[in-house]
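Computed from the coordinates by the stated procedures, all read-outs in this text should not be read as laboratory data. The structure displayed is predicted, hence computed values, not measured ones. A quick note on method: Cβ atoms are made from the backbone with ideal geometry, for glycine too, and the neighbour counts reach across all protein chains shown.
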Amino acid sequence: MSDNTPRQEIDLGLNRIKRIMASLGRPEDACPVIQIAGTNAKGSVGTFIRNILTGLGLKCGHFSSPAVFNATEVITVNGTPISAAALKKYRDEVMDAAVKCGEEPTEFEVLTAAAYLYFAGKRCDVVIAEAGLGGDLDATNITNTTICSVITPIGFDHTAILGDTLAEIASHKAGIIKPGSICVCAVQEREVLRVLGSASRENGVPFIVCDRPEHVTKCGEGFCFDNYYTGRTEVLMSAYYQTENALLAISCVYELREAGALGLDRIDGAAFNEAVREAVKKTRMPGRMEIICRKPLIIIDGGHNPPAARMLRESIDMMWPDGGFTYVFGAFADKAYMDVFNTVYEGGDVYVVSAPGPRGANAAQLARTIKETTEAENVKAVSVREAARCAMSAGRTLAFGSLSWIGRFKQEVKALEDRKS
């Protein structure tokens, strides 16, 4: 076993992983693959698709990123995470292959390769692979067995790498569109649709643009909506934007059925519709407008760019129109963090935490920036543990800004809840 460790950096390109995967027997081509790329909602859409296909009787592998609560959560089969021992085994196998090839892979490349190895060993009927960054040069794009490319909403993020226009960003995402598949796309800006439509035509791929949910109404702590495929459908999550994510996933599955893929066309129509509705209803997304405590109300959301912030603000306004929130905020320094903060913040106390790692914005500096550039008056830099204590003493709290620290925040809140009981 190699003692080498993967590089902790972003270094896009397929040459390294191609050589490594070839030495491993090309496990990325062992199963049909649904690829997902986009700026936001990849995790939610992938989870909806996984739950639907699992509910229809398929063995479904799912590779997502980043890990929020546990390192093993990014590689699952039918929703069950890989064991820590199995993850280590496959990572070691990948690193041994890399050494033999003379390659120095990144952490994401090692995880991607380990995931494809695991899914091949499990003989999955289908694999869902979410791009980590971009699409064309992302490690997940090594596969040649793509049956559907799903493009979630595209906006501005990672502009230093992907470009500073929507067309440039979309061109990278379009790299997952491949001959012999179909492309299902969320509602997008016109310039994005032009790029994606052109890529689909060049590859001879049907290009389906998903409609928006119709007649959306609140149903308890979630929403009900109408759509062409399943009629009236429930999403039991408090984020309005999950209705759009659910419909994109539904569209993917029904278009695959129409194409005769995965044997889905052999399932009775009424049973198919009911299984899809039930899977959507049961889906939950940790870390995405998740209520982690009810008394007092504490919500966490990992949205980290302006488009995600707008969707979060819209959902908060729909569910709690009277406001009254305390805010916990932390972000990466290379994100448009003040745009995110200004979009979501609407008055109230602010507790600022440091996001972990070298990319994390320092809490004291970030708090100073918020004080100097916004109307927020009570702004305090605190540890994640102290932020949890403050949230437990507030009426309503929204913790947001990055997925990187909300897992720790959730743990701290849970520990305080346990002590109270």
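Taking a point 7 Å out from the Cα of Lys18 in the direction of its Cβ, the residues of region 129-157 whose backbone N falls within less than 17 Å of it are 135-146. Only helices enter this figure: runs of n ≥ 4 DSSP H residues, each worth -39500 (n - 2.57), summed and divided by the residues of the chain, yield -13000 deg cm²/dmol at 222 nm to the nearest 500.
Applied to region 68-80, the Karplus parametrisation 6.51 cos²θ - 1.76 cosθ + 1.60 on θ = phi - 60° returns per-residue 3J(HN,Hα) values of 10, 10, 7, 4, 7, 5, 7, 10, 10, 10, 6, x, 8 Hz, with x for Gly and Pro. Where (i) 66, 51, 46; (ii) 66, 55, 40; (iii) 57, 54, 46 are the candidate values, the label of the one calculated here for Cα extents along the principal axes in Å is (iii).
Can you put Val340, Val382, Val350 in order, fewest other beta carbons within 10 Å first?
Arranged by neighbour count, lowest to highest, Val340, Val382, Val350 become Val382, Val350, Val340.
Name the chymotrypsin sites (Phe, Trp or Tyr not before Pro) in region 192-241 that are in a loop by DSSP and that have at most 15 other C-beta atoms within 10 Å, would you? In loop regions of region 192-241 (DSSP not H, G, I, E or B), the sparsely surrounded chymotrypsin sites (Phe, Trp or Tyr not before Pro) are Tyr228.
Given a Förster distance of 45 angstrom, what is the FRET efficiency for Asp226 paired with Glu386, based on the Cβ-Cβ distance and rounded to 0.05? Present the calculation step by step, with values, prior to reporting the outcome.
Working: r = 45 Å, r/R0 = 1.00.
According to the calculation, E is roughly 0.50.
Taking the number of Cβ atoms within 10 Å of each Cβ as an exposure proxy, the fewest-first ranking of Arg190, Arg277, Arg212 is Arg190, Arg212, Arg277. Taking other Cβ atoms within 10 Å as a rough exposure proxy, Thr243, Thr106, Thr397, Thr374 sort from fewest to most as Thr374, Thr106, Thr243, Thr397. Of the trypsin sites (Lys or Arg not before Pro) found in region 359-421, the ones in coil according to DSSP and having at most 16 other Cβ atoms within 10 Å of their Cβ are Arg359.
Tell me which chymotrypsin sites (Phe, Trp or Tyr not before Pro) from region 53-130 have a DSSP coil assignment and no more than 16 other beta carbons within 10 Å of their own. When the chymotrypsin sites (Phe, Trp or Tyr not before Pro) of region 53-130 are filtered for loop state and at most 16 Cβ neighbours within 10 Å, Phe69 remain. Taking region 295-337 and a reference point 7 angstrom along Cα→Cβ of Glu417, the backbone N atoms nearer than 16 Å belong to 295-301. Starting from the Cα of Glu107, step 7 Å toward the Cβ, then list every residue of region 363-406 with an amide N under 17 Å from that point. Label zone hits: 402-406.
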